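What follows is calculated from the coordinates using simple rules that are stated; it is not laboratory data. Because the structure is a prediction, the values reported are computed rather than measured. Heads up, the Cβs are rebuilt from the backbone with ideal geometry, glycines too, and the neighbour counts pull from every protein chain shown.
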Amino acid sequence: MSKTIKLVYEVTADDFTRAGEASGDVKSKLKMMGVSPEAVRKVAIAMYEGEINMVIHAGGGRIDVEISESEVTVVLADKGPGIEDIEQAMQAGWSTAPDNVRSLGFGAGMGLPNIKKYSDFMDVKSQVGAGTTVTIKVLL
Amino acid sequence: MNMKLGDFISSAGFEIINGSGNMDTELSKVFCCDLLSFAMSRNPAGSVWVTVMGNVNTVAVAVLTDGGCIVIAESAMLDPSALEKAKQQGVTVLRTELPVFDAALKAHKLIVDK
Ligand SMILES: Nc1ncnc2c1ncn2[C@@H]1O[C@H](COP(=O)(O)OP(=O)(O)OP(=O)(O)O)[C@@H](O)[C@H]1O
Ligand SMILES: [Mg+2]
């Protein structure tokens, strides 16, 4: 009875009102499925950071979520500007967020480090001018 | 070391901006931060989160972290879109004219250090 659930979300550019809706939806689905609170929290945090990065830095994108009995996989793909130096972007405190975004409480440069911390596997693939794909796995 | 949200609201005397949360929620900790990515990874479940950042993302972070309630300090504004989201998601939002530290201390004395 190992069934896999697949979910797809479109994330809109600069829409801060809706940012977090996809993560919130996945969170409540996992909760209803009886996934442990710690695992739900990990997925929610990691996915929200990826989602908000898409909104702020990449002009939106698409999120594919796969929930199996043993793990949750979240793939966030955008066609944004890409990341020049991924290693630098992964450092706590590094941010290119503009002032208007900082005034909303973002831009601490903690998003990617948070994803790393709260996931069991993380991969960032990016090409300048083409886009970024962030893959996150949380084991259940 | 815990207090129900309903009891906290009546003891703290903060203004209720949105009171649609579950009043039986157990509050156990107080948390202060305005930067959302720090709050995202640190806001404890069942917390009283004291902040001056009253935008829609504050509410989103409270939801995702299972926070107990939000306290807006310094009589800071809560955006209309944030209020709407709080209502929609059942997140209790309170407001006080107290500065962040004083508001948090008051909450701490009620919940943790009674
Ligand atoms: N999807 C993306 N597309 C393009 N650039 C990105 C993307 N995600 C992250 N970046 C780049 O990596 C930097 C670091 O990202 P990170 O999420 O760690 O911090 P931040 O978004 O700037 O601030 P915070 O997440 O704390 O609000 C960003 O400032 C941005 O330059
Ligand atoms: Mg970020």
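Before moving on, here are some points about what is shown:
- Matching residues, region B:49-67, being in contact (Cβ under 8 Å) with a residue 40 or more places away in the chain and either outside any strand (DSSP E or B) or hydroxyl-bearing (Ser, Thr, Tyr) (or both): B:Thr51, B:Val52
- Identity of the residue in region A:116-140, closer than 18 Å to A:Glu66 by Cβ and in contact with a helix residue (DSSP H, G or I) (Cβ under 6 Å, 6 or more places away or on another chain), that ends up farthest from the other protein chains (Cβ to nearest Cβ): A:Leu140
- Across region B:13-24, the qualifying residues are those that are surrounded by fewer than 20 Cβ atoms within 10 Å (Cβ to Cβ) and within 12 Å of the chain's Cα centre (by Cα), and the one among them that is farthest from B:Leu94 (Cα to Cα) is B:Gly19.
- Single residue of region A:74-115 satisfying the filter (polar (S, T, N, Q) and surrounded by fewer than 17 Cβ atoms within 10 Å (Cβ to Cβ)) that is nearest to the other protein chains (Cβ to nearest Cβ): A:Ser103
- Hits in region B:33-48 (condition: part of a loop (DSSP other than H, G, I, E, B) and not small (Gly, Ala, Ser)): B:Cys33, B:Asp34, B:Leu35, B:Asn43, B:Pro44
- Residue in region B:20-29 that is touching a residue at least 12 places away in the same chain (Cβ under 8 Å) and within 8 Å of chain A (Cβ to nearest Cβ) present: no
- Hits in region A:57-76 (condition: assigned to a loop (DSSP other than H, G, I, E, B) and over 19 Å from A:Leu140 (Cβ atoms)): A:Ala58, A:Gly59
- Verdict on B:Phe38 being among the aromatic types (Phe, Trp, Tyr), away from chain A (no Cβ under 12 Å) and surrounded by fewer than 23 Cβ atoms within 10 Å (Cβ to Cβ): no
- Matching residues, region A:42-73, being crowded, with 17+ Cβ neighbours inside 10 Å, small (Gly, Ala, Ser) and near ligand 1 (Cβ under 9 Å from one of its atoms): A:Gly50, A:Ala58, A:Gly61
- Every listed requirement among (1) under 11 Å from the mean Cα position of the chain (by Cα); (2) within 19 Å of A:Tyr48 (Cβ to Cβ); (3) surrounded by fewer than 19 Cβ atoms within 10 Å (Cβ to Cβ) is met by B:Asn43 save one, (3).
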